[in-house]
Amino acid sequence: MLTVPFRSPAFNQSPRAALSTISATRCTAASLLALFLVPLGFILGCSASLVTGPSVAHPAPISTPAPPPDPLSLAPASATIQAWQTIPFTLTGADNAAACAWSTSNPSVLSFAGEEEFQGRQAGNATVSVACGALTAQAVVIVIPQAVSGPITISSGGTYSGNWNSDSPDTPAVTIATDEPVIIEDSTITSRGTLIRIEGSAAGASAGAHVTIDNVTATALDPGVEGLQRGAFVSATSIASLVVRNCTITGVSFGVYAAGSTVSTLQVLNNLAFNLEDRASDGQGGLLAERPDLGHFVILAEVVAPEGAEIGWNKIVQTMGQSSVEDVVNIFRTQGAPGEPIWVHDNYIEGNSSPSAPTNYTGAGIIADGGSAQPVTAFALFADNSVVHTAGSGVVISNGHDVTASGNRIVSCGQDAPGAWFAMTYANAASIWDEYQSGPALFFNDTVTASAGGLVIPNAQNKPVAADFWGSALSMTYPGNSASGNDFTDPCLSTYASTGTLNLAAEDAERAYWIAKAAAAGELIGDQHE
């Protein structure tokens, strides 16, 4: 497996209104005259008897108590799912859903997968609870067993569906060892090692595997061996075409690792990934600080794509403190072609960090990466992505030429709800930096334009400051390198001057923006099979 260099952290930069109606009885002139002609005590006037006597005390107005707050509720209130199936919940009655705490009564039966989703792990019952301040709600989930078969090796083309598991970290759950077209669809895959390994032929006129993976739920299991990290969802070498679409992926070290190939088609689309994990197992179900290979949701390593490639409409959500990943999308020494770029677009990336690097996290949301010599990354377009709540940088060009970052939205406030910093002091929303000192012959025509949002980091006095675009002084002198038309409004800082606190709701707004954008575009995210 190619090991991606661990990069240096050397970024330097900086009503309801109530209405009462008073009706008054009008007295005629005759009735007024009668008031002066009749003895006191027998006065009639204004069509009513007026009797003298002690005044009658009127009761004080009864105050109406404020209505109770809307109760918190979860839907569904009860459900039955199969092991490894995920179930999303809809929460109502919460003013700020992002500040709510989720839990499960039995994590070994039902585990939290993030984003108000839970995943069945084994047969049993569990109660899902959510607390939003003083309000709470519960739902009951029954997990039933799923018929699972052992590892499978596919040596001829065709369409395959099943539920496959590998209990050995050395044996993939699915191995594809043919260049004939293979489709894996409507399946569930679990493994203590690699989930799907693709091994195409390295030579020949029609060399390379042709694989489509569609509507699969994939879960990486603890390898159970100290020092080993969890497996990749897809590990592919010698591929001619690869499509990974509408999959739900949990806990893997890598989502899609594709290396050393020339491809005619490469697409990673509409997938949902939760809590990637690149830390090593302690062999007892826990995790070590060690990260054997820095994990990524997608890494294309020395891939040549003369017809371009597409990585789009994926949603990758990390829970800080409970997951570990480096760059979420890493285009590493990989090349598209003029007019046929490596197109990374409309992805949603949230929460990338690593507990193993609390003060030295160097990961980015999306990066053009590589080295000081050929091959370098080239002809790539990073467009219209959202990076939210990140400890590291948003969109980075640190290698190669003809790389454009356009229309990306980076919204990260740098602090959690209690006010603790998680942002690295050298992070930026977007940057251009010849990190590997490859020089102007290999690092040119790189552009950052039409960016929005803003990223906040702590300064030397631990006060929040904007860290939006940064271009190294030398790199920005190279031919064609430029930054223009960026509109960083820094919504996280909008309340700081008046309240002394950051506007964390800006991150919620960006999350809602992307969800609405995907819905308007008709994009379905994650595994859709029953």
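The values are calculated or read from the model by the stated rules, or taken from the named source; none is laboratory data. Small disclaimer: the values here were computed from a predicted structure and weren't measured. Every residue, glycine among them, receives a Cβ derived from its backbone with ideal geometry; neighbour counts consider all protein chains shown.
Checking segment 450-473 against the condition returns no match, with no residue being aromatic (F, W, Y) and more than 27 Å from the chain's Cα centre (by Cα). Going by the structure shown, is T194 surrounded by fewer than 19 Cβ atoms within 10 Å (Cβ to Cβ) and at pLDDT 95 or above? When the stated conditions are applied, T194 does not pass them. Listed by first and then second residue, the pairs linking a residue in segment 210-223 that is closer than 13 Å to T194 by Cβ to a residue that is buried (at least 23 other Cβ atoms within 10 Å of the Cβ) and charged (D, E, K, R), with Cβ atoms under 9 Å apart and 6 or more places separating them unless they lie on different chains, are A218/D527; A220/R192; A220/R230; A220/E277; L221/R192; L221/R230; P223/R192; P223/R230.
For (1) of a type in the set (A, V, I, L, M); (2) within 15 Å of A173 (Cβ to Cβ); (3) out of contact with any strand residue (DSSP E or B) (no Cβ under 9 Å at 6 or more places or on another chain), each residue gets a yes or a no:
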position: A207; (1), (2), (3): yes, no, no
position: V216; (1), (2), (3): yes, yes, no
position: A240; (1), (2), (3): yes, no, no
position: V252; (1), (2), (3): yes, yes, no
position: T265; (1), (2), (3): no, no, no
position: V268; (1), (2), (3): yes, no, no
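Determine whether segment 162-185 contains at least one residue that is within 25 Å of the chain's Cα centre (by Cα) and in the same structural domain as A220 (by TED's automatic domain parsing). Yes, segment 162-185 contains a residue that is within 25 Å of the chain's Cα centre (by Cα) and in the same structural domain as A220 (by TED's automatic domain parsing).
Could you grab me the full set of residues in segment 450-465 that are surrounded by fewer than 15 Cβ atoms within 10 Å (Cβ to Cβ) and among the hydrophobic types (A, V, I, L, M, F, W, C)? Within segment 450-465, A460 is the sole residue that qualifies.
Residue by residue, here is whether (1) at pLDDT below 95; (2) in contact with an Asp or Glu (Cβ under 8 Å, 6 or more places away or on another chain); (3) over 19 Å from N408 (Cα atoms) holds:
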site: G295; (1), (2), (3): no, yes, yes
site: V298; (1), (2), (3): no, no, no
site: P306; (1), (2), (3): no, yes, yes
site: G321; (1), (2), (3): yes, no, yes
site: E326; (1), (2), (3): no, yes, yes
site: I331; (1), (2), (3): no, yes, no
site: P338; (1), (2), (3): no, yes, yes
site: D346; (1), (2), (3): no, yes, no
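For first residues located in segment 484-504 and small (G, A, S), partners that are part of a loop (DSSP other than H, G, I, E, B) and lie 6+ apart or on another chain with Cβ distances below 8 Å form the pairs G485/A450; S494/N503. Restricting segment 197-240 to residues that are within 22 Å of the chain's Cα centre (by Cα) and among the charged types (D, E, K, R) leaves a set whose member that is surrounded by the most Cβ atoms within 10 Å (Cβ to Cβ) is R230. For residues in segment 436-449 being crowded, with 16+ Cβ neighbours inside 10 Å and outside any strand (DSSP E or B), which is nearest to the chain's Cα centre (by Cα)? Among residues in segment 436-449 that are crowded, with 16+ Cβ neighbours inside 10 Å and outside any strand (DSSP E or B), the one nearest to the chain's Cα centre (by Cα) is D446.
Rundown of residues vs (1) of a type outside the set (S, T, Y); (2) more than 24 Å from A512 (Cα to Cα); (3) outside the structural domain of E116 (by TED's automatic domain parsing); (4) buried (at least 21 other Cβ atoms within 10 Å of the Cβ), yes/no style:
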residue: E307; (1), (2), (3), (4): yes, yes, yes, no
residue: A380; (1), (2), (3), (4): yes, yes, yes, yes
residue: G394; (1), (2), (3), (4): yes, no, yes, yes
residue: A405; (1), (2), (3), (4): yes, no, yes, yes
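Within segment 216-261, which residues are of a type in the set (D, E, K, R) and touching a His at 6+ places or on another chain (Cβ under 6 Å)? Correct list: empty.
Does A405 count as closer than 20 Å to N352 by Cβ, within 27 Å of the chain's Cα centre (by Cα) and not in a loop (DSSP other than H, G, I, E, B)? Yes; evaluated as a whole, the condition is true for this residue. Has segment 254-267 got any residue that is within 15 Å of the chain's Cα centre (by Cα) and either more than 18 Å from W343 (Cα to Cα) or in the same structural domain as D170 (by TED's automatic domain parsing) (or both)? Scanning segment 254-267, I find at least one residue that is within 15 Å of the chain's Cα centre (by Cα) and either more than 18 Å from W343 (Cα to Cα) or in the same structural domain as D170 (by TED's automatic domain parsing) (or both), so the answer is yes.
Results for (1) farther than 14 Å from G308 by Cα; (2) modelled with pLDDT of 95 or more; (3) touching a Pro at 6+ places or on another chain (Cβ under 8 Å), shown as yes or no for each residue.
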| site | (1), (2), (3) |
| --- | --- |
| R230 | yes, yes, yes |
| F233 | yes, yes, no |
| A240 | no, yes, no |
| F254 | yes, yes, no |
| A259 | yes, yes, no |
| L266 | no, yes, no |
| N270 | yes, yes, no |
| A273 | yes, yes, no |
| E277 | yes, yes, no |
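Within segment 197-216, if we keep just the residues that are at pLDDT 95 or above and among the polar types (S, T, N, Q), the residue that is farthest from Q119 (Cα to Cα) turns out to be T212.
Residues checked against (1) of a type in the set (V, I, T); (2) under 25 Å from the mean Cα position of the chain (by Cα); (3) outside the structural domain of E507 (by TED's automatic domain parsing):
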| residue | (1), (2), (3) |
| --- | --- |
| T90 | yes, yes, yes |
| W102 | no, yes, yes |
| E117 | no, yes, yes |
| A123 | no, no, yes |
| C132 | no, yes, yes |
| T136 | yes, yes, yes |
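Looking at D468, D487, just one residue is acidic (D, E) and surrounded by fewer than 16 Cβ atoms within 10 Å (Cβ to Cβ), and that residue is D487. Against the conditions (1) outside any strand (DSSP E or B); (2) over 30 Å from P375 (Cβ atoms); (3) modelled with pLDDT of 95 or more, I457 satisfies every one except (1).
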